[in-house]
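Notes follow the structure.
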Amino acid sequence: MLASFGKLHQFFFVLSYSLLTSTQTLILVITAVIIAAEVILLVYFLKSRRKKKEAFAINENQETASFRSTIEKIEDLEAEKENLISQIDELKKTADAKAATLESEVNALRDEMNKRKSLMGVPEAGVDSELKKNHKHNASEN
């Protein structure tokens, strides 16, 4: 490009300070037109290249932002998953503890029922029928 500007400068110098033949003038004019065209193409190329770089940078930034957003979403979901698994484990422990407590209470109630049966001297089937009769009798009184 600098060579083109040098030729252009030389062209104007020659035109300014000398008288040339028409052929020489024509050659210089054609050279000047070619140099001007080169400069125009170079400027257009540089602008086009800058626009492409800017478009690429914008696209790259959007893709990077989208990728970062996806990574953040995955990290958030993984954290939520871990939190939910922890809560489920706590609920399982609570349910197991309640089941163990209920089982213990039911066993204690069975033991108490068996002790009362043995104190009353009533066979197991007899106690059940007595309980049912008492329950029906109490229900009819109400």
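Values in this text are rule-based calculations from the coordinates and carry no lab data. Keep in mind that what you see is a predicted model, and the values were worked out from it rather than measured. Note that we place each Cβ from the backbone using ideal geometry, even for glycine, and neighbour counts take in every protein chain shown.
Taken one residue at a time, the phi angles of segment 102-117 give Karplus couplings (6.51, -1.76, 1.60, θ = phi - 60°) of 4, 4, 5, 5, 4, 4, 5, 5, 4, 4, 5, 5, 5, 5, 5, 4 Hz. Gly and Pro are set to x. Summing +1 for each Lys or Arg and -1 for each Asp or Glu among the other residues whose beta-carbon sits under 14 angstrom from that of TYR44 gives +4. Counting 0.36 nm for each residue step from ILE58 to ILE85 and taking away their Cα separation leaves a gain of 5.7 nm.
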